Amino acid sequence: MISFSSFSLREELTQAISDLGFETPTPIQQKVIPTLLSDPQDIIGLAQTGTGKTAAFGLPALHHIDVSVKHVQCLVLSPTRELCMQIQEELGKYGACMRGLRITAVYGGVSIGGQIRDLKANPQVVVATPGRLIDLLERKAIDLSDVRCVVLDEADEMLNMGFREDIDLILKNTPTREYTWLFSATMSNEVRGIAKRFMKDWKEFSVAAANATNENIDHQYYVTQHHNRFETLRRLLDFAPGIYGIIFTRTKQDCQEIAEKLMKMGYHVSPLHGDMDQKMRSKVLERFKNKTLQCIVATDVAARGIDVNDISHVINYELPDDPEVYTHRSGRTARAGKSGICMSIVSPKQISTIRQIERLVKQKFHKSDIPDGAEVVRKRLFFYLEQIANAQPRADFAKLYRDSMMEQFADVDKDELIRKLIWLQLKDTIDVYQDADDLNAGYDNKEKGRSTGRFARLFINLGEKDGLNAQKLVQFVAESTDMDPTTIERVTIRELSSYFNVPTDAAEFITEHLASKKFKGRKIRVDQADPSPGRSSGGGGGREFNGNKAPRTGGARFGGEGRGWGGNENRGGGGGYKGRKKFA
Ligand code: AMP
């Protein structure tokens, strides 16, 4: 295995990397760093954010810096202020042990005076947005006459933002430039154009294909009519109570409107788009980072400034025009080995686009049901119950009020007290979802098949609490029954149970086979779910909105009635199904 120590980086850099806890270089680092250390030359790196590309160019760039020379030796151009700040921060970490190293970031949207002062301190590395750099050049506040290395980061994005002429001008103003390192998530003719105009015999390195497939992302899509998009978004948010996510819109106007609507409804969200001034954008990012905000509603360009590693959900309010952009969006979750969910709200017509994206990311997308009102209430109930179960009140909490609290409830029965507390917590949700519509729409051929009896809906007693997501459930069912995973569809994962469609003639076979299996030692129960055309919760039970009545499944989880843990393994079953991949 390649390690950082095999790179012959200068000692200060190896030290900083080890201090940061980086163990293995990422694929783009493995490809790029050795070349740029031993034989610095022009390169193009095709890699997205999250691949470790900043270190891929940053470490070699710092390696070649002479800290005793007080001139700008390396210039990094990047499309947005947020990215500039991130790159400066990241390079600062890598160069933490290089005494005398100065890295300055210059970008628009803030006063230029402070930046002019920073530049007077003679940094060796400058990270800049093209517009502000031109401004500084015109004011003769920066001297690029000794720059040896220019990095163009997110070149495609800079071009999308209309910086082509600025980039040309800047590159023309770097007479001593020896090498140019261009990084881009996508390769367009315009990107290639820059290379042709300003680079010589460049080498190309790509990690795009490998990176597009991140198996830790569960890709889900929800089909609804266009006019139900917002309601669907709201329902998905309500159904994911612990969400920490990004909601992507295609336009700034949508971004603003959707965020405002959600904020009015009491959600902790904020918009993030290019029409907001820098100060506001920074504030939003800060609130998101410190988790005051649960979600950001963002346009693609503005979202590039979000550098957060633990995003749980990405929601595509609209699919992007370019399927490649989908991979940028979904890549915001499931970073650094974590898992994440990417949900897309689509109209029936857009299912073909989903197929296209599936081919690009080389992963199957799961068509999921938009939960009904009862399911949302149940989900939130469990979330709340779990919060109570996990709460750790401070030991001295309520010491002062203990007696009055006890007195107040002295005659109240415990059950009633619980009911009241839960009712208080959930009554708003219950009000909203009392008569909630079924938002699922778009009966594609497979759904037609289901209603004409070609597909059966099955219930299984495994859910999110068992560590399952749609992808894992399909894998488990397919492996346990030797079914072809593509025949298992419309997976809906609930707290304690799940549903999925299989061809009708396979239903009995699957039910029998799964009944003889165990999951993490637990016996499995599979039944045919309610075959009615609605998307009711079937075997999961509990459609009542009655806040006084805990759903059937609730008692099992929280009342400790047991869910059939252990038990005898039933090695029954048998028979075959023609759709199986292979026979055991
Ligand atoms: P980037 O793609 O440059 O935006 O990097 C994404 C994140 O990965 C940053 O937070 C880096 O600090 C981190 N990172 C970069 N290289 C490594 C590595 N080899 N091992 C672990 N983390 C890394």
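The values are calculated or read from the model by the stated rules, or taken from the named source; none is laboratory data. What you see is a predicted model; the values in this text were computed from it and never measured. Cβ sites come from the backbone with ideal geometry, for glycine too, and all protein chains shown count toward neighbours. Remember, those area values only see protein heavy atoms, side chains included, never the ligands or the DNA or RNA. Shrake-Rupley method; radii C 1.70, N 1.55, O 1.52, S 1.80 Å.
Summary of computed values
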read-out: Modelled FRET efficiency - R0 30 Å, Lys203 with Val69, Cβ distances, 0.05 increments; value: 0.65
read-out: Charge-dipole axis of region 179-285 as Lys and Arg at +1 and Asp and Glu at -1 on Cβ define it, positive-most pick from Leu285, Thr249, His226; value: Leu285
read-out: Shape call, region 1-106: gyration tensor on alpha carbons, a/c limit 1.5; value: rounded
read-out: Cα shape, region 153-255, gyration tensor, a/c 1.5 rule; value: prolate
read-out: Separation in nanometres of the label points that stand 7 Å from Cα toward Cβ, at Glu138 and Lys291; value: 4.5 nm
read-out: Mean separation of Cα contacts under 8 Å, 6 or more apart, over the residue count of the chain: relative contact order %; value: 11 percent
read-out: Alpha-carbon gyration tensor eigenvalues x 5, square-rooted, for region 4-206, Å; value: 24, 21, 15
read-out: Potential lengthening between Lys338 and Ser480 on full extension [0.36 nm per residue; Cα-Cα distance subtracted]; value: 48.6 nm
read-out: Percent carbon-and-sulfur accessible area, region 303-360, ignoring ligands, DNA and RNA, probe 1.4 Å; value: 48 percent
read-out: Intensity falloff of the chain expressed as log10 I(q)/I(0), Debye formula with alpha-carbon point scatterers, at q = 0.06, 0.12 Å⁻¹; value: -0.40, -1.18
read-out: CD proxy at 222 nm, helix term only [per DSSP H run n ≥ 4: -39500 (n - 2.57); per residue of the chain; nearest 500]; value: -12000 deg cm²/dmol
read-out: Relative contact order of region 226-330, defined on C-alpha pairs under 8 angstrom at six or more residues apart (%); value: 37 percent
read-out: The chain: antiparallel DSSP beta bridges as a percent of all, rounded to 5; value: 25 percent
read-out: Highest-first arrangement of 406-412, 176-182, 479-485, where packing means the average Cβ count within 10 Å; value: 176-182, 479-485, 406-412
read-out: For the chain, size of Cβ-based charge dipole, Lys and Arg +1, Asp and Glu -1, in debye; value: 760 debye
read-out: Accessible area in square angstrom per residue, the chain, 1.4 angstrom probe; value: 47 Å²
read-out: Long-range amide H partners of Asn316 with built H, under 5 Å; value: Phe248, Met343, Ser344, Ile345
read-out: At most 11 other Cβ within 10 Å, DSSP loop - trypsin sites (Lys or Arg not before Pro), region 261-298; value: Lys291
read-out: Length added when fully stretched, Arg10-His227, from 0.36 nm per residue minus Cα-Cα; value: 72.3 nm
read-out: Pairwise label distance in nanometres, Asp413 with Met280, each label 7 Å out on the Cα-Cβ vector; value: 5.4 nm
read-out: Estimated FRET transfer efficiency when R0 is 30 angstrom, pair Glu260-Lys520 (beta carbons, to 0.05); value: 0.10
read-out: Pairs beyond 22 Å (Cα-Cα), from Lys338/Lys472; Lys349/Lys379; Lys31/Lys200; Lys140/Lys200; Lys472/Lys517; Lys261/Lys283; value: Lys349/Lys379; Lys140/Lys200
read-out: Residue-span extension gain [Leu360 to Leu20] - 0.36 nm each, minus C-alpha spacing; value: 119.1 nm
read-out: Proximal aspartates and glutamates relative to Lys427, as straight alpha-carbon distance under 16 Å, when same-chain residues fewer than 8 apart are discounted; value: Asp238, Glu375, Glu416, Asp435, Glu544
read-out: Label point distance in nm, Glu89-Gln253, each placed 7 Å from Cα along Cα→Cβ; value: 3.4 nm
